[in-house]
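Data first, discussion second: the structure below is written as structure tokens.
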Amino acid sequence: MDSPRNLRPTAEYQAIDAAHHWHPQTDMAEVNARGSRVFAGADGIWLTDTEGERLIDGMSGLWCVNVGYGRERIAEAMYQQAKVLPYYNTFFQCTHPPAAEFAQAIAEVAPEGFSKVFFANSGSEANDTVFRLARVYWDVMGRPRKKTFIARKNGYHGSSVASASLGGMSFMHAQSGLPIAGVHHIGQPYWFGEAEPGESPADFGLRRARELASAIDRIGAENVCAFVAEPIQGAGGVIIPPETYWPEISRICAEREILLVADEVICGFGRTGRWFGSETFGIKPDLMPIAKGMTSGYVPMGGVLVHDRVAGPVIERAGEFAHGYTYSGHPVACAAGLANLAILREEGLVDRVREDIGPYLQERWLKLGEHPLVGEARMVGLIGALELVRDKERRTRFAEEGRTGTEARELSLANGLVMRATRDTLLIAPPLCLTHEEADMIAERAARTLDDLADAKARAGET
Ligand code: PMP
């Protein structure tokens, strides 16, 4: 590993970290009792910790490092921009070359009709922007009562007050009295976890989509602003909806005049084998929050892609949209984003996910579904999951939901593969640049992890 700095012993970092660093989405008492793992470097799909151990990053960081680590071109673009114009705002009739060029570059890869980008700094801010912009849209359309959002249980849209409210994570809501007023949640299209016995994926997909129609009719279409959902739920457990789901959702939104918001924070920028998950699933959204793969995580950035049918009326009639961030369109982030998009385009990474490396890893990943502890293996593009079960036929889970997922994730780490666990589901979303050989290694390490889990469960008398 090329070390950019002289590293101190791991224990020193762990000690100062435990003393001063409050981690996000973390039980600090638990983490400090064990000591954090300290990462020091990365290259391609490989992470290196301060003990010199190399791990495959099966999660692209947090679903964001789409082009992989160690891209000199992005680092160089950021450095050059920081020297020339490290910061200037985009308020008060100002812009700068990177913001204008990056907005243009995003519009070029976006689906037809998405010619405007509003910049933010994270996925949470992107969804807060949606929350305000969608309401302003209906105001200027002369329908100011359309204020209510419908989103989904177990959806994830961020951690700020509005985005966590749109999200349907009950454990997040429980901690601080969320959701805020004006947000309703319907069921998720989680066939493996929630279908009735014998119900086909197609029937289940339709049933869950029609919950949207019922919710709109109950609240009154004249009061509903937008439906917000991820094309594939990521943090909720890589839940890939049945094929019937999105066409029915799109139909319902169009029929009842509800804005459709596809949260592309994870799916955007190639993850599903198209530039946007909406293209993979045939969704025709009005707004698309984006982040993560926008800069491949080299620097924080988020934004909202706005369809012309929404942007047009708001820009013409609303006057000032009283919303924006100091760092909206930050020049260094835009420079990173431009270099990132150039890599994705020049290396054809998105097509490669659809036609080459995606199908290659999928074939190996779906085979893991034959393991006795796997109830379902699923993957689209380069985002997938394994549902861990105690009894494959009956789909019985292990006791204490979440314990087995955590156990499996730890075993995977010991096998040199970073996966994530949501409840008892293992998740994977590797960088889009992985080689065939690395895809083989992911499948081998995941298979070994399942065998190790089976041994551990047998030893513990849990099978
Ligand atoms: N939307 C989705 C679909 C996400 O997966 C995430 C983050 N995992 C967010 C929004 C929030 O993004 P951020 O953490 O950058 O605020």
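Under unit Cβ charges (Lys, Arg +1; Asp, Glu -1), what dipole magnitude, rounded to 20 debye, does the chain have relative to its Cα centre?
It works out to roughly 1080 debye.
Per the Debye formula with a single identical scatterer at each Cα and no solvent contribution, what log10 I(q)/I(0) holds for the chain at q = 0.06, 0.07, 0.08 Å⁻¹?
So the normalised log intensities work out to -0.26, -0.36, -0.47.
Please express the Cα-Cα pair-distance distribution P(r) of segment 1-103 as a list of whole percents, one per 5 Å bin, running from 0 to the bin with the greatest distance.
Answer for segment 1-103: a P(r) of 2, 9, 14, 14, 16, 15, 12, 9, 6, 2, 0 percent.
If the reach is capped at under 17 angstrom between alpha carbons, list the lysines near Lys284, excluding any in the same chain fewer than eight residues apart.
Straight-distance partners of Lys284: Lys116.
Shape call for segment 63-215 from the C-alpha gyration tensor, a ≥ b ≥ c root eigenvalues: rounded (a/c under 1.5), prolate (a/b greater than b/c) or oblate?
Taking the square roots of the gyration eigenvalues as a ≥ b ≥ c, segment 63-215 is prolate.
Using just the helices of the chain, give the 222 nm mean residue ellipticity in deg cm²/dmol: DSSP H runs with n ≥ 4 each add -39,500 (n - 2.57), and the total is spread over all residues, rounded to 500.
-13000 deg cm²/dmol
Taking the Cβ-Cβ separation of Arg251 and Asn6 as r and a Förster radius of 60 Å, what is the calculated FRET efficiency to the nearest 0.05?
Efficiency for this residue pair is about 0.50.
Could you sort 172-180, 76-84, 100-108, 289-297 so that the peptide with the highest average Cβ count within 10 Å comes first and the rest follow in order?
Sorting 172-180, 76-84, 100-108, 289-297 by mean packing, highest first, produces 289-297, 100-108, 76-84, 172-180.
Kirkwood Rh over alpha-carbon pairs of segment 344-463, then Stokes-Einstein at 20 °C and 1.002 mPa s: what D in µm² s⁻¹, rounded to an integer?
Answer, rounded: 147 µm²/s.
For a label point 7 angstrom out from the Cα of Asp17 toward its Cβ, which stretches of segment 46-73 have the backbone nitrogen within less than 14 Å?
Under 14 Å, as judged by backbone N against the label point of Asp17, lie 48-53 of segment 46-73.
Give me the one-decimal Kirkwood hydrodynamic radius in Å for segment 114-157, with the sum taken over alpha-carbon pairs.
Hydrodynamic radius (Kirkwood, Cα pairs) of segment 114-157 is 12.0 Å.
On a straight-distance basis, which aspartates and glutamates could pair with Lys457 in a cross-link, Cα separation under 17 angstrom, same-chain partners fewer than 8 positions away excluded?
Partners found: Glu387, Asp391, Glu400, Glu401, Glu407, Glu410, Asp424.
What GluC sites (Glu not before Pro) in segment 292-359 are in a loop by DSSP, with at most 11 other Cβ atoms within 10 Å of the Cβ?
Answer by residue number: Glu320.
Answer rounded, prolate or oblate for segment 199-323, using the Cα gyration tensor with square roots of eigenvalues a ≥ b ≥ c: rounded when a/c is under 1.5, else prolate when a/b is larger than b/c, else oblate.
oblate
Which listed residue (Cys433, Val161, Tyr360) has the Cα farthest towards the positive end of the charge dipole for the chain, taking +1 on Lys and Arg C-beta and -1 on Asp and Glu C-beta about the Cα centre?
Going by the Cα projections, it comes out as Val161.
Using only the alpha-carbon atoms of segment 19-63, report the extent along each of the three principal axes, biggest first, to the nearest angstrom.
Sorted from largest, the Cα extents of segment 19-63 read 32, 24, 15 Å.
Quick one: grab the alpha carbon gyration tensor of segment 73-346, order the square roots of its eigenvalues as a ≥ b ≥ c, and give me rounded if a/c is under 1.5, else prolate or oblate depending on whether a/b is larger than b/c.
Verdict is prolate for segment 73-346.
Of Leu260, Ala209, Gly220, which is farthest along the charge dipole of segment 73-346 in the positive direction, counting Lys and Arg as +1 and Asp and Glu as -1 at C-beta?
Towards the positive end, the residue furthest out is Gly220.
For segment 189-246, state which GluC sites (Glu not before Pro) are in a DSSP loop and have at most 15 other beta carbons lying within 10 Å of their beta carbon.
Counting only loop positions with at most 15 other Cβ atoms within 10 Å, the GluC sites (Glu not before Pro) in segment 189-246 are Glu199, Glu243.
Choose one of Pro313, Thr295, Pro372: the residue whose Cα lies farthest towards the positive end of the charge dipole of the chain (beta-carbon charges +1 Lys, Arg; -1 Asp, Glu; about the Cα centre).
Pro313
We did not get these values from a lab; they are worked out from the coordinates using the rules stated. Since this is a predicted model, take the numbers as computed values, not measurements. Glycine gets a Cβ as well: all are built from the backbone with ideal geometry, and neighbour counts include every protein chain shown.
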